[in-house]
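Worksheet: one structure, shown below.
The values are calculated or read from the model by the stated rules, or taken from the named source; none is laboratory data. In this text the structure is predicted, and so the values were computed from the model without any measurement. With ideal geometry, Cβ positions are generated from the backbone for all residues, glycine too; neighbour counts draw on all protein chains shown. Quick note on the areas: whole protein, heavy atoms, side chains included, nothing else; ligands and nucleic acids left out. Shrake-Rupley method; radii C 1.70, N 1.55, O 1.52, S 1.80 Å.
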Amino acid sequence: MVALAFGDRATSDTVVRLRTHEGRDDWFYCHSKVLVEKSKYFAERLSDDWPTCQIIDSRNCVEVYCQELDFNFHVTALRLLYVKGPHKCYGVRNALGMLQVSIHLGCHQIASDCKEYLEAVPWEEAEEEEILKTIPNLGEQYKSILSRLQPVCQTSLTGIFISAIRFATSSPPISMRELKSSAQEQLEYMLTEDDDPPLFALDDEFIRSVVKDCIKRLLCRFDSFVESMLTVSIDCVLESKVHEFWSHLCDISWACQILGKMEIMKDLVHYWLEASANILRAAEHAKSVSDDMDVEIKIVEVVSKVLETIGFGNAIVSTLGRISLVKIWLPFVQRVRALLEQDKIMREEDSPAKLDGEIWQGLESAFVSIILTLPSSDQAGILSDWLRSEYAGYPDLTEAFELWCYRTKVARRRLASREVT
């Protein structure tokens, strides 16, 4: 038996006349046996029950109208009817176009092959958008193509969150640092409200308890590391230790973002208060090894989050604690700011080591807010030190100074009036 070939005019008994509304009209020599066997569309039109079948040169003729954009897909579909499956698809857009045409022509095998291809291959963003527009209109049997885009059940979502937060707060080998950073970014994205709501309710007690537990372990490791740095003399600190110190600080800075979104910064704030003196000493050890400002910058980032949390009243710290934080970190922040400015001037351009302007503004506001909550005598001591400092230009505590002056005069007037009465 001679194999039938697409376009073989000598053996053809059917012409497929492919036409577009733009006036394109091409003839393709085919075989009714192949068309009827593999296409429901052609089986109906070549049946005795279909009245409009025409005869051209003793051949049946079936007209197919299509859009110009779909013309080549129709030609390809006709060719594939002569090919034993499975049919290969070359590219997502091609498979999507072929799927629509094969459904229209009732070519179930081709449609099935296109469906399997689209389910199996990766999609680019533009392709994904096109698939989302097209597939829902093709019928229930093709919606499985969209399975990768379907909402995840809450159990699965919680499971991957727990795995990710544990990994993001762990201490993997250096070779996995990039993977850890990616996990941290995605966790922050999960909890961010943008065009879509967060994947979790930020007041979900179970999620909050998981996060607290992971951050607690992270802070314990950091605390142990800081103590290990302080057990050796400054001369014995290795550069690898400095990098590890910086890496821990990166994790804590990220943790502040997560805890801030969930409004559970309290534990980290109290840890930072208790550990501030040791962290400052560890930073001095690190500075003896490296002239880079990376460690100082990360410390400033964390300090800004801690002080802002206190300044906004989201974590309640005792008066002695607030005094301690200001006295430890105000001089440190001033010195870091001055060094960065000096580095910028020497380079005559922006320093590669720099902090976002919003962090400096936030720190300034936090210092002012916290200082104004302190007893007036303590305010006086802090403001006196600030005015005597060579770094008085930052932060600008003028607002605190003016309000202290006003309150002091008013307080004396109140005291005098009481004595008179």
Between Glu227 and Ser170, what is the label-point separation in nm under the 7 Å Cα-to-beta-carbon projection? 2.4 nm
Listed residues Gly362, Ala5, Tyr29: farthest to the positive end of the dipole of the chain (Cβ charges): Gly362
Averaged per residue, what accessible surface does the chain expose to a 1.4 Å probe, in Å²? 56 Å²
Using the Karplus curve 6.51 cos²θ - 1.76 cosθ + 1.60 with θ = phi - 60°, what ³J(HN,Hα) values do you get for each residue of the range 80-97, in whole Hz, with x for Gly and Pro? 5, 4, 9, 10, 5, x, x, 8, 7, 10, 10, x, 5, 5, 5, 5, 5, x
Once the Cβ-Cβ distance between Cys405 and Lys143 is put in as r, and R0 is 60 Å, what FRET efficiency do you end up with, to the nearest 0.05? 0.25
Thr169 accessible area, nearest 10 Å², 1.4 Å probe? 10 Å²
Per-selection Kirkwood Rh - the range 14-149 (Cα, Å, 1 d.p.): 15.8 Å
If I stretch the segment between Asn72 and Asp267 completely, what's the gain in nm (0.36 nm per residue apart, minus their alpha carbon distance), one decimal? 63.8 nm
If the cut-off is a Cα-Cα distance under 20 Å, which lysines reach Lys38, setting aside same-chain residues fewer than 8 apart in sequence? Lys84, Lys88, Lys115
Could you go through the range 312-329 in sequence order and give the Karplus-derived ³J(HN,Hα) for each residue, using 6.51 cos²θ - 1.76 cosθ + 1.60 with θ = phi - 60°, rounded to whole Hz, and x for Gly and Pro? 7, x, 7, 9, 8, 10, 4, 4, 4, x, 5, 4, 4, 4, 5, 5, 7, 9
For the range 186-263, max minus min Cα coordinate along each principal axis, in Å, sorted largest first? 51, 23, 15
Tell me which of Val83, Leu105, Asn137 sits at the most positive position along the dipole axis of the range 14-149, charges placed on C-beta atoms (Lys, Arg +1; Asp, Glu -1). Val83
Using a simple spin-label model with points 7 Å from Cα along the Cα→Cβ vector, what separation in nm is obtained for Lys88 and Cys220? 5.7 nm
If each K or R counts +1 and each D or E counts -1, the residues other than Arg17 whose Cβ falls under 9 Å of its Cβ total -2
Would you calculate, for the chain, the mean residue ellipticity at 222 nm contributed by helices, counting each DSSP H stretch of 4 or more residues as -39,500 (n - 2.57) and dividing by all residues, to the nearest 500? -20500 deg cm²/dmol
Please list, in order along the range 68-74, the HN-Hα scalar couplings obtained from phi with the Karplus expression 6.51 cos²θ - 1.76 cosθ + 1.60 (θ = phi - 60°), rounded to whole Hz, x for Gly and Pro. 4, 5, 9, 4, 5, 5, 5
Using a Förster distance of 25 Å, how high is the FRET efficiency between Thr11 and Glu63, based on the Cβ-Cβ distance and rounded to 0.05? 0.70
Quick check: net charge around Ala400, other residues with Cβ under 12 Å of its Cβ, Lys/Arg +1 and Asp/Glu -1? -4
Could you compute the FRET efficiency for Glu124 and Leu157, with r as their C-beta to C-beta distance and R0 at 25 Å, rounded to 0.05? 0.50
Tell me, what is the 1.4 Å probe accessible area of Asp378, in Å² to the nearest 10? 40 Å²
Ignoring ligands, DNA and RNA, please state the percent of accessible area on the chain from carbon and sulfur, probe 1.4 Å. 51 percent
Cut-off under 28 Å on the C-alpha distance; same-chain residues fewer than 8 positions from Lys266 excluded. Which lysines are left, in chain and number order? Lys180, Lys212, Lys216, Lys298, Lys305, Lys327, Lys354
Given the Cα-Cα distance of Arg79 and Leu238 and 0.36 nm per residue of separation, how much length would full extension add, in nm? 50.3 nm
Label-reachable residues, the range 82-126, where backbone N falls under 11 Å from a point 7 Å from Ser47's Cα toward its Cβ: none
Using a 1.4 angstrom probe on the protein heavy atoms only, could you order His270, His248 from most to least accessible area? His270, His248
Describe numerically, in nm with one decimal, the distance between label points set 7 Å from Cα along Cα→Cβ at Ile328 and at Ala380. 2.7 nm
If the chain between Trp27 and Ala3 were fully stretched, how many nm would it gain, using 0.36 nm times the residue separation less the Cα-Cα distance? 6.5 nm
What Kirkwood hydrodynamic radius do you get for the chain when you take the inverse of the mean 1/r over all pairs of distinct Cα atoms, in Å? 28.1 Å
